C-alpha cells in the first residue's frame, strides 16, 4: 500500500501501476521529492529552491551556482549536495555532465531515493548509437573525477536517467532545469490522455489529479506532448523511454478512434498552412467548435463527439503544420500588440487543443489565459463573441487554479468581472461557483481544502 488513496500493483505489461483505492477528487495533490536536480544556464534561478530571485548570490568557492538568499545558500551546503560536488564540477560542464556527477555522488550517499533509483529500468540494449557514444564519453570524464565508479556503471546510470528524468518547469511551463524523481518514475506510468498533471513548486514535483478518479482507475501522467501525431509520438516514446504506448488515445475506440483517424487524414494532406488558416478563418469553424464544447462542459468526450457529428470540420483543421503556424503567429502578433489578429489565430489553437488534450490540461489553461488577455485588449466583443470570451476566461481560471500554476491577475473592469461569472467552462472542468458566493470564500480555498498533500519519502516494495 502506497497511501490511503492509491496502491502499486504488479502489471504484466507495465511492470507495475498505481491504482486508486477509492474515489479521488480532481485537484488532489501528491508531492514527490528529487534525488538530484540541475538548473539550466538561466542565472536568476536559485540552485536550492529553483525559484527566480533578484540579486542572486554566487558560490564563492566554485563560482558556478547562484542562490536567491543566504538561507538558500546555507541550506544547499548543509542539507543539499553542493558541498559534495562544489570543487569537483568543472565550469565547462554541460547540464548532462552536471547531472551525472550529482547522481553518482547522491547514489554513493545512499538513502531511500537512491535505493528506488537502483530499481529503475535502464534498457541499455535499446540505446541508440548516438546515446551510446555520448554516454561512453561522459563516463570517461566522470570516472576520472570519481574513480570509485566504473565507466560501465556510469553508463548504466545515464541510461536510467534517460528513461526516468523529468524537465523542471516554472509556473508558466518554461524549462528551468531537470531532475531525477525516482518515486514518481516508479509509481506513475505514461498515457497520451493522462488523468494527472505535473507541475513544480521549486524542486518538489506536484502531481495533481485532473479529473475525479474512481476506485481502480490507474493514475497516469504524460511523458511526451499528446498533441504530437501518433507515429511521431510513439517513436519518441520508444527512443527515450523504451516502450510502445498502448494507451486508449493510441489504441482505444470511440472518440479516440475518431480523433486518431481525423488527425492521420489531416497530416497526410499536402497542405499550404497559410492558405489553410485563411480558409479556417473564413469558415468561423473555431468559434463554432468552442460554442459546441461549451454546451456540455461536464462531459468533454461527449461534447467532442457532438462537434464531429454536428459540424462540418474540414480535414485541414487538425493538420499539425497548420497548428504550428497558428501558434507561432498568435504569439508573435500578441508580442507586437496586434490583438485582434492574434486572437483569430489563438481561437483556432484553443479549439484544436480542446479537441485533443485531456480535461484541465495545463497547456490549455495557459493558452486560454493568454487568449483571454488578448481578447480583452482587442475589445469590441459582443453576443456570441462575449460568450466565447467569458468561457475562455473561466476555463483558464479553473485549470490554472486546479494545477497551482500562474493565474493571471484581474485584468480590470466590471465587464471582465461579469465575464468570469457568466459562461460555462470549455475545458471539461466545472467548479461550484454557488459554493464560493454562499460561503464568501475564494476558489483557491475550495481547491486547497480538498487537496491531499501526500509526501512520499520511502521506497515501495512490491509483492513478488
Quiz prompt | Top-ranked residue in the stretch 285-310 [being part of a loop (DSSP other than H, G, I, E, B) and surrounded by 13 or more Cβ atoms within 10 Å (Cβ to Cβ); ranked as farthest from the chain's Cα centre (by Cα)] | solution = 296
Quiz item: Just wondering, is there one or more residues in the stretch 270-280 that are at pLDDT 90 or above and under 26 Å from residue 302 (Cα atoms)?
Solution: yes
Quiz item: Out of all the residues in the stretch 24-78, which are touching a helix residue (DSSP H, G or I) at 6+ places or on another chain (Cβ under 8 Å), at pLDDT below 90 and within 26 Å of residue 360 (Cβ to Cβ)?
Solution: 26, 27
Quiz item: Within the stretch 150-161, is there a residue that is touching a residue at least 40 places away in the same chain (Cβ under 8 Å) and over 22 Å from residue 106 (Cβ atoms)?
Solution: no
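So that you can scan it fast, the table gives a plain yes or no per residue for (1) surrounded by 21 or more Cβ atoms within 10 Å (Cβ to Cβ); (2) touching a residue at least 24 places away in the same chain (Cβ under 8 Å); (3) in a loop (DSSP other than H, G, I, E, B):
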| site | (1), (2), (3) |
| --- | --- |
| 72 | yes, yes, no |
| 76 | no, yes, no |
| 100 | yes, yes, no |
| 103 | yes, yes, no |
| 108 | no, yes, no |
| 115 | no, yes, no |
| 122 | no, yes, yes |
Quiz prompt | Per-region count, the stretch 150-175, residues over 22 Å from residue 133 (Cα atoms) and crowded, with 21+ Cβ neighbours inside 10 Å | solution = 1
Quiz item: How about the stretch 240-280: which of its residues are under 21 Å from the mean Cα position of the chain (by Cα) and not in a helix (DSSP H, G or I)?
Solution: 242, 243, 244, 245, 246, 247
Practice problem: Kindly list the number of the only condition in (1) surrounded by 14 or more Cβ atoms within 10 Å (Cβ to Cβ); (2) assigned to a loop (DSSP other than H, G, I, E, B); (3) touching a strand residue (DSSP E or B) at 6+ places or on another chain (Cβ under 9 Å) that fails for residue 206. | Solution: (2)
Exercise. Taking residue 228 as the residue in question, decide whether it is in contact with a strand residue (DSSP E or B) (Cβ under 8 Å, 6 or more places away or on another chain), touching a residue at least 12 places away in the same chain (Cβ under 8 Å) and not in a helix (DSSP H, G or I).
Key: no
Practice problem: Name, by its number, the condition in (1) assigned to a strand (DSSP E or B); (2) surrounded by fewer than 21 Cβ atoms within 10 Å (Cβ to Cβ); (3) in contact with a helix residue (DSSP H, G or I) (Cβ under 7 Å, 6 or more places away or on another chain) that does not hold for residue 16. | Solution: (3)
Quiz item: Which one of the conditions (1) in contact with a helix residue (DSSP H, G or I) (Cβ under 9 Å, 6 or more places away or on another chain); (2) at pLDDT 90 or above; (3) surrounded by 16 or more Cβ atoms within 10 Å (Cβ to Cβ); (4) assigned to a helix (DSSP H, G or I) does residue 237 fail to meet, given that it meets all the rest?
Solution: (1)
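The values are calculated or read from the model by the stated rules, or taken from the named source; none is laboratory data. Source: prediction; values computed, not measured. Cβ: placed from backbone, ideal geometry, glycine included. Neighbour counts: every protein chain shown.
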